[in-house]
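Trainee: Okay, here's the structure, questions in a sec.
Coordinate-derived values only; no laboratory data. In this text the structure is predicted, and so the values were computed from the model without any measurement. Ideal geometry is used to build each Cβ from the backbone, glycine not excepted, and the neighbour counts take in all protein chains shown.
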Amino acid sequence: MTADIDFTAFFDATPSPYLMMDKDLVIRYINTAYLQTTGLPRDQLVGRYFFDALPGSGTPDDAQAHLKASLRRVLDTGNADTLVLQRYDIPALDRPGGFEERWWSDIHTPIPGPDGEVKWIVQRAEDVTAFVHSHRAQQLAEEFTDGEKGMAAELYARARELHRLNQQLRQAHARERQVAVALQEAMLIAPDLHHHTDSITVRYLPATRSMNVCGDWYDVVDLTPERYAAAVGDVVGHGLQAAAIMGMLRSALSAAIRAIPSPAQALEVLGLYARSLDGATAATAVKVLIDTRSRLIIYSNAGHPPPVLLHGDGTFELLDQATDPPLGARPHHVPRPQAGLSYTPGDTLVMYTDGLIERRDEDIDVSLARLTTALAKDSTLTPDQLADALLDRLDVAGGAEDDIALIVIRL
């Protein structure tokens, strides 16, 4: 049974800016969010060749060339293409003949016709100008908070690195492994970890059977002086595709938790995003928010193995009361659950991916029991010592068949 859906109404209702053009790059549809983002009237855009309607004057010389090249790749390959961070100025309505500086994150997605050839191109264009401007102004405007400056700088630097590595992947297939490893290292950078050198330790071990590029990840994000968030996630598969999807999901969740400091709601946003990414369905993630003032852990879990709260006396609690299916698993949006758990200063929170505990043909309860038994033996160690001891006790210090991401947090 086919659902009776008005797709025009759907796209007009979505908050993301969307534009559709034909294979001649003539704009045929533009949604309300795109019009609001650009401030341009519909009749100035629809029915016109894209680069006539939006010539990008005032933009650096190579910007239009990059955009044209991206669209050409979609037409030639039939695959989606991403421009992570691109300056492309738009006409300024208050200054006839003038242009307004804008920075965009674009995704170009093909829609094939009956013959299998690309018939339409959908452009999703997120305006990230505010981030770029706040990054440039961080040394000039004292009214910005440290968190805002750090967020803008991190997003800008990470996006530029992604774009650079994406270019390398297209230009140097023979150097695939070297570039892929660099991509993963860039994606696992968590600047806020520098604020927790004594209390948080992370580990990443690539799978021994792969090309050292996989889909497991971790992240730590400072929100306020009393609150910070941590996450681990796992994308199904190995290789470049898994690493690329990992990077996109990790960055999206990092941005979401800064804007929506609720683990459940942040995972809801990530789940909706995952449904738009080929290969992201069935990815798992768990997000925790730690409030040091109320001594509370708030968490939500999307199909991921449960974190462990280890007490000083060796007893433990599993964070398993807010578990839901993996990202993108449901065909329709359903709010995700969230739970809270109090802790005592000195307790330790351990977050990990399944490569740490799962063994072939072994029940998950047996795997979890082995993990908690190992933790109980080393509850008094520092986070750094505990991470190494745990890897050693579980016999994965030299790597395992699957990659491993691990976060140890002394609360």
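Trainee: By how many nm would the segment from THR373 to SER294 grow when fully extended, if each residue of separation counts as 0.36 nm and the alpha-carbon distance is taken off?
Mentor: 25.6 nm
Trainee: Starting at the first residue of the range 354-363, write each ³J(HN,Hα) from the Karplus equation 6.51 cos²θ - 1.76 cosθ + 1.60 with θ = phi - 60°, in whole Hz, x for Gly and Pro.
Mentor: In residue order, the calculated couplings are 5, x, 5, 10, 6, 10, 4, 6, 10, 5 Hz.
Trainee: How far apart, in nm, are the 7 Å Cα→Cβ label points at LEU75 and THR129?
Mentor: 2.8 nm
Trainee: Per-residue HN-Hα couplings for the range 16-21, Karplus 6.51 cos²θ - 1.76 cosθ + 1.60 at θ = phi - 60°, whole Hz, x for Gly and Pro?
Mentor: After applying 6.51 cos²θ - 1.76 cosθ + 1.60, I find 8, x, 10, 9, 10, 10 Hz.
Trainee: Return the loop-located GluC sites (Glu not before Pro) in the range 289-378 (DSSP other than H, G, I, E, B) with at most 12 other Cβ atoms within 10 Å of their own Cβ; answer none if there are none.
Mentor: Answer in residue order: GLU362.
Trainee: Another question about this same structure. What is the gain in length, in nm to one decimal, between HIS194 and LEU272 on full extension, counting 0.36 nm per residue of separation less the C-alpha to C-alpha distance?
Mentor: Gain on extension, HIS194 to LEU272, equals 25.0 nm.
Trainee: Using a cut-off of 11 Å between beta-carbons, work out the net charge of the residues near LYS287 (Lys and Arg +1, Asp and Glu -1, LYS287 not included).
Mentor: -1
Trainee: Let me know the shape class of the range 296-360, please: from the alpha-carbon gyration tensor, a ≥ b ≥ c as square roots of the eigenvalues, rounded when a/c is under 1.5, otherwise prolate if a/b is greater than b/c, or oblate.
Mentor: oblate
Trainee: If you don't mind, another one. Could you please state, rounded to a whole Å, how far the C-alpha centre of the range 37-53 is from the C-alpha centre of the range 376-405?
Mentor: The range 37-53 and the range 376-405 have Cα centres separated by 56 Å.
Trainee: I would also like to ask the following. Only Cα pairs under 8 Å and at least 6 apart count here; give the relative contact order of the range 334-409 as a rounded whole percent.
Mentor: Computed over the range 334-409, the figure is 47 percent.
Trainee: Local charge sum around ARG330 (other residues, Cβ-Cβ under 13 Å, Lys/Arg +1, Asp/Glu -1)?
Mentor: Summing Lys/Arg as +1 and Asp/Glu as -1 gives 0.
Trainee: Measure out, as a whole number of angstrom, how far apart the alpha-carbon centroids of the range 95-133 and the range 12-26 sit.
Mentor: Here the two parts' Cα centres lie 8 Å apart.
Trainee: With labels modelled as points extended 7 Å from the Cα through the Cβ direction, what inter-label distance (nm, one decimal) is found for GLU117 paired with ALA329?
Mentor: My value for the distance between the label points is 4.2 nm.
Trainee: I would also like to ask the following. Can you work out ³J(HN,Hα) from phi for every residue in the range 99-109, in order, using Karplus 6.51 cos²θ - 1.76 cosθ + 1.60 and θ = phi - 60°, giving whole Hz and x for Gly and Pro?
Mentor: Result, rounded to whole Hz: 10, 10, 5, 9, 10, 10, 10, 10, 10, 9, 10.
Trainee: Please compute the net charge surrounding PRO15, taking Lys and Arg as +1 and Asp and Glu as -1 over other residues with Cβ under 15 Å from its Cβ.
Mentor: Local net charge: -3.
Trainee: Ok, one more. Once you place label points 7 Å from the Cα toward the Cβ at SER16 and VAL236, how far apart are they in nm?
Mentor: 2.0 nm
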